[in-house]
Amino acid sequence: MENFVFLAVLFAALCHAGWNALIKIGLDPLSTTTLIVIGSGVVGLAFLPFVGMPDPAAWPWVVASSVIHLFYFAALIEGYRSGDLGQVYPIARGSAPLMTAGATTILIGERLSAVGWTGIVVLVVGVLLLSARGGREFAKVDWRAIGFALLTALTICTYSVVDGIGARLSGNAPSYTLWTFIGNAIVMVPYALYRDGRGVFPAMRFYWRRGLTGGALQVLSYGIVLWAMTLTPIAIVATLRETSVLFGAAIAVVWLKEPLRAVRIAAALLIVAGLVLIRSA
């Protein structure tokens with residue numbers, strides 16, 4: 001993988017951790033997630049005139065992605081309602097890369113080297129290790145939250161494959177990205193109304209800057225990822241993206257005051273080792 005692509009995906013991971021941290025503070029997870037998704041839709045509309053249109057072959061993938069993302073947001077919201085950021089986030093993000101690597105191998109015939117597979121496995125182990133004693137004692141772990149975290153991982157795998165293919169077919173990854181986020185906003189608003197009636201929206205007027213900030217981070221992060229997927233195997237990019245858990249863990253410890261334990265340090269070392277392997281693959 002070229003250095004520029006490698007560093008760009010790591011920057012995307014930082015942006016991804018940033019908007020996930022915004023979900024856990026301030027408003028309830030449903031309201032905050034809806035606000036950020038609307039923000040990403042607004043950002044998408046604002047930049048759409050500058051990127052043109054994707055190839056018509058990509059439109060079914062845009063629609064499919066928006067639907068899958070709705071399930072992703074729904075599962076993520078429920079996970080954050082029950083669990084700590086430092087526990088739910090690593091499980092959700094860490095379980096997905098192996099699923100994605102397997103899916104891309106079977107469905108679209110991408111082949112990874114032994115070093116690449118080793119790097120993915122090492123990084124995933126580090127990511128999952130970060131969830132150990134995430135901010136609660138094991139005896140107090142909310143297994144409902146973990147279940148939703150695993151469901152989130154399944155949706156991550158699904159939309160990663162769908163969007164990787166869609167971005168390649170589009171011939172215009174930035175346009176595909178923006179239309180995907182516009183679609184996400186279109187499906188998220190009715191879902192929020194269904195879950196919480198009109199009560200989900202009143203408090204948002206006080207946090208609109210957070211919505212635009214989170215939305216911009218979403219668009220920037222995923223736009224970089226989809227661009228990278230047009231140049232590099234989907235599974236490699238999807239795995240590198242999950243280094244966002246390192247940034248998420250730092251945010252959880254410094255900002256949300258979740259405890260720092262030796263196991264998290266060991267996990268960080270494994271993630272770095274996985275990065276080195278993937279970079280050399």
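The values are calculated or read from the model by the stated rules, or taken from the named source; none is laboratory data. In this text, all values refer to a predicted model and were calculated from it rather than measured experimentally. Here Cβ is always computed from backbone atoms with ideal geometry, including for glycine, and neighbour counts include all displayed protein chains. With ligands, DNA and RNA removed, areas are computed over all heavy atoms of the protein, side chains included. Shrake-Rupley method; radii C 1.70, N 1.55, O 1.52, S 1.80 Å.
Annotations for the structure displayed:
- Some residue of region 107-114 being surrounded by 23 or more Cβ atoms within 10 Å (Cβ to Cβ) and either in contact with a strand residue (DSSP E or B) (Cβ under 8 Å, 6 or more places away or on another chain) or at pLDDT 90 or above (or both): no
- Any chance Ala64 is in a helix (DSSP H, G or I), open to solvent by 10 Å² or more (accessible area, probe 1.4 Å) and either modelled with pLDDT of 95 or more or closer than 23 Å to Ser95 by Cβ (or both): yes
- Residue among Thr213, Thr230, Thr180 that is within 17 Å of the chain's Cα centre (by Cα) and open to solvent by 50 Å² or more (accessible area, probe 1.4 Å): Thr213
- Within the option set Ile38, Ile77, being at pLDDT 85 or above and crowded, with 22+ Cβ neighbours inside 10 Å holds for one residue only, Ile38.
- Single unsatisfied condition, Leu277 versus (1) part of a helix (DSSP H, G or I); (2) modelled with pLDDT of 90 or more; (3) not small (Gly, Ala, Ser): (2)
- Contacts under 8 angstrom Cβ, first residue in region 241-268 being at pLDDT below 75, partner open to solvent by less than 40 Å² (accessible area, probe 1.4 Å) and among the polar types (S, T, N, Q), 6 or more apart: Gly248/Asn20
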